[in-house]
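Worksheet for the structure shown next.
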Amino acid sequence: MSEPIPVDAVSVEVFRHLFISIAEEMGVTLERTAYSPNIKERRDHSCAVFDARGHLLAQAAHIPVHLGAFPLLMEAVVPLFTWEPGDTIICNDPFVGGTHLPDVSLVAPVFARTGSLAGFVANRAHHADIGGAFPGSMGPSREVYQEGVIIPPLQLCRAGVRNDAVVALICRNVRTPLERRGDLAAQLSANATGAARFEELLAQYGAAAVDEHGRALQVRAQKAVESLLEAFPSGRFSFVDHLDDDGHGSGPLPIAVTVQVVDGRLCFDFEGTAEQSIGPINATLAVTHSAVYYAVICLLGEDVPINQGAFVPVEIHAPPGSLVNAQAPAAVAAGNVETSQRIADAVFGALARALPERIAAASQGTMNNITLGGWDPRSGTPWAYYETLGGGIGAGPEYDGASGVHCHMSNTRNTPVEALEYHYPLRVRSYALRAGSGGMGKHWGGEGVIRELELLADTTVTLLSERRVLSPYGLEGGQPAQPGLNQVKRGNGWETLPAKFSLPLKAGDRFKVSTPGGGGWGVPPDGESFALNGPNLPDVSTE
């Protein structure tokens with residue numbers, strides 16, 4: 001071990017990238033060793049590094065809705081166990097710092113050579129099926145028990161020995177056990193990679209230096225957010241946006257937020273949000289934290305480290321029993337993927353009242369979740385597949401929105417056509433940008449996409465989507481984007497389907513998803529102005 005190094009601006013920046021490199025290499029390991037296309041191709045996973053207190057040190061550039069939830073997971077899990085080298089905890093419980101059941105988290109400790117606990121590595125990956133009533137575990141459920149197997153914090157590995165009984169229990173409750181075994185093994189490999197790199201860091205610089213630089217990075221992030229708040233205008237800035245429906249006949253459902261600075265803290269109050277619903281659109285508190293943290297991070301510069309310190313000046317009030325702080329046994333499958341997007345839209349809408357020159361119009365506001373499953377005649381085995389679709393990014397004060405990309409709380413890739421058709425009984429008939437779906441303005445919103453699939457076997461098709469009724473909003477006179485459209489072809493003509501559905505289709509049937517565009521920003525060149533709460537948009541209020 002080298003001599004202790006002083007903590008200065010240069011060394012702190014070096015350690016910032018050292019911590020990030022651990023998380024990034026974990027992600028590469030997970031991608032390359034995963035079994036399912038959802039993790040290998042779409043990269044629906046996240047990796048992060050924590051200090052000995054379980055406080056976030058660094059994260060890879062993965063999925064925002066995963067990463068912002070990690071602090072609550074660690075807060076719940078770290079005190080539960082007496083940690084030893086070689087341990088791994090598994091958990092997917094949405095009400096223990098989780099998001100929804102397909103997102104399975106693995107947490108492992110890291111020890112210095114002296115035997116002292118020095119930190120943790122963790123990853124969260126979306127499994128394409130975790131059991132439950134619907135293939136792919138993402139359907140119009142009514143309670144969490146219909147959404148799959150619930151895994152409370154359990155020891156998957158103890159002193160390096162895997163508990164095969166836990167793996168067997170999980171695999172017995174899913175439709176694709178071999179795929180689940182492969183993806184769990186990949187998650188273990190990712191944490192092993194992260195632990196090894198963390199141990200190398202400890203060996204080279206010493207546990208004290210690593211801890212000191214970690215804390216310095218957290219202080220740096222906290223001060224960056226506090227500096228942002230110094231320029232934040234006084235007052236209360238409110239916004240109300242709506243979910244289309246809950247999949248069971250209730251809607252539209254408001255998500256309300258008021259933002260203000262109080263005693264040096266940026267406070268987000270969701271009072272006025274609808275009560276939790278019978279449908280699967282309920283968000284856990286961890287999901288709400290993720291959306292709020294993401295919005296705050298978007299206001300920071302690229303040179304600001306993203307860690308636990310950035311969250312210290314942020315205060316969140318989410319009424320228990322509401323859509324943004326659902327209580328068990330609420331169904332939550334879509335809360336992670338759809339309600340998280342609407343929370344972000346509401347928060348950005350409120351921030352636009354305070355900082356209009358820095359906030360973009362609404363992006364597509366949905367992940368367009370497609371889950372498919374059935375019996376594959378090629379292999380003679382069950383299959384299940386999950387993907388999300390990109391859409392339009394909202395335009396900003398100085399730029400047009402991007403087209404056909406994932407936005408806000410989603411940061412996955414699309415599944416390549418070749419991989420999709422190779423692995424599953426599907427044929428991609430069309431995959432293109434959706435011309436004219438972006439909102440008009442001084443700067444135009446991005447375009448959505450059109451994805452049409454033909455089924456080559458009898459298949460249960462499930463879709464959880466939003467922004468099929470209420471359009472993504474424009475800002476500062478910009479026009480709203482076009483809402484999305486879901487269609488199925490079971491014969492000669494196309495039928496329009498609701499935002500959320502699950503139905504059996506036959507081989508030869510097709511379904512098509514047209515995703516929303518992004519809202520426009522600014523008065524269009526012809527001078528025609530659209531109000532902030534323009535066509536098909538919810539009410540907006542400023543106090």
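Taking segment 298-431 on its own, what percent of its Cα-Cα pair distances exceed 17 Å?
Roughly 72 percent, rounded to a whole number.
Over every pair of different alpha-carbon atoms in segment 28-143, take the mean of 1/r and invert it; report that Kirkwood radius in Å.
14.9 Å
Between segment 111-178 and segment 429-487, what is the C-alpha centre distance in whole Å?
33 Å
Among Val28, Gly474, Val513, whose Cα projects farthest towards the positive end of the dipole of the chain, with charges put on the beta-carbon of Lys, Arg (+1) and Asp, Glu (-1)?
So the residue we want is Val513.
Rounded, prolate or oblate, given the Cα gyration tensor of segment 304-367, with a/c below 1.5 counting as rounded?
Oblate shape, in that a/c is at least 1.5 and b/c is the bigger or equal ratio.
Do you know the relative contact order of the chain, to the nearest whole percent, from alpha carbon pairs under 8 angstrom that are 6+ apart?
Relative contact order of the chain: 15 percent.
Would you please put 165-171, 347-353, 490-496, 236-242 in order of how densely packed they are, using the mean number of other Cβ atoms within 10 angstrom per residue and starting with the highest?
In descending order of packing, they fall as 347-353, 236-242, 165-171, 490-496.
As an exercise, find the ratio Rg/Rh for the chain from alpha-carbon atoms, using the Kirkwood inverse-distance average for Rh.
0.97
Which of Val240, Thr258, Ala216 sits closest to the plus end of the dipole of segment 144-296, meaning its Cα is farthest towards the positive end, when Lys and Arg get +1 and Asp and Glu get -1 on the C-beta?
Result: Ala216, furthest along the dipole toward the positive end.
Please give the peptides 429-436, 193-200, 372-379 ranked by average Cβ packing (other Cβ atoms within 10 Å per residue), highest first, as a rough proxy for protection.
Put in order of decreasing packing, that is 193-200, 372-379, 429-436.
Suppose the chain between Asp164 and Glu200 were pulled fully straight at 0.36 nm per residue; how much longer would it get relative to their current alpha carbon spacing?
Between Asp164 and Glu200, full extension yields 10.0 nm more.
Per residue, what accessible area does the chain have, given a 1.4 Å probe and all protein chains present, in Å²?
In whole numbers, the chain has 36 Å² accessible per residue.
I'd like the FRET efficiency for Glu84 and Ala231, computed as 1/(1 + (r/R0)^6) with the beta carbon distance as r and R0 of 45 Å, rounded to 0.05.
0.45
Please list the equivalent ellipsoid semi-axes of segment 148-269, computed as the square roots of five times the alpha-carbon gyration tensor eigenvalues, in descending order and whole angstrom.
Working through the eigenvalues yields semi-axes of 39, 33, 10 Å.
Just the Cα atoms of segment 231-274: what Rg and Dmax do they give in Å?
13.7, 44
Given bins 5 angstrom wide, list per bin the percent of all Cα-Cα distances in segment 210-321, short to long.
2, 11, 19, 20, 16, 12, 9, 6, 3, 1, 0
In deg cm²/dmol, rounded to 500, what helix-only [θ] at 222 nm does the chain give when every DSSP H run of at least 4 residues adds -39500 (n - 2.57) and the total is split over its residues?
-8000 deg cm²/dmol
For a quick size check, give me the Cα extents of segment 355-507 along its three principal axes, largest first, whole Å.
For segment 355-507, the Cα extents along the three principal axes come out at 57, 29, 21 Å.
What does the highest-first list of 138-146, 310-318 look like by mean Cβ count within 10 Å?
138-146, 310-318
Have a look at segment 105-156 and give its Rg and Dmax from the Cα atoms, expressed in angstrom.
16.3, 51
Give me D for segment 455-524 in µm² s⁻¹, whole number, from Stokes-Einstein with Rh from the Kirkwood sum over alpha-carbon pairs, 10 °C and 1.306 mPa s.
This corresponds to a translational diffusion coefficient of 117 µm²/s.
Quick one, can you get me the convex hull of the C-alpha atoms of segment 127-216 expressed as volume per residue in Å³?
139 Å³
Across 5 Å bins from the origin, how do the percents of Cα pairs in segment 254-372 run, short distances first?
2, 11, 21, 23, 20, 13, 6, 2, 0, 0
Normalise the Debye intensity by I(0) for segment 362-436, one equal point scatterer per Cα, no solvent, then take log10 at q = 0.23 Å⁻¹ and round to two decimals.
Values, matching the q order: -1.10.
The values are calculated or read from the model by the stated rules, or taken from the named source; none is laboratory data. Note that this is a predicted model, so its numbers are computed, not measured. In this analysis, Cβ positions are derived from the backbone assuming ideal geometry, glycine residues included, and neighbour counts consider all displayed protein chains. Side chains are part of the model used for accessible areas, which takes the heavy atoms of the whole protein and leaves out ligands, DNA and RNA. Shrake-Rupley method; radii C 1.70, N 1.55, O 1.52, S 1.80 Å.
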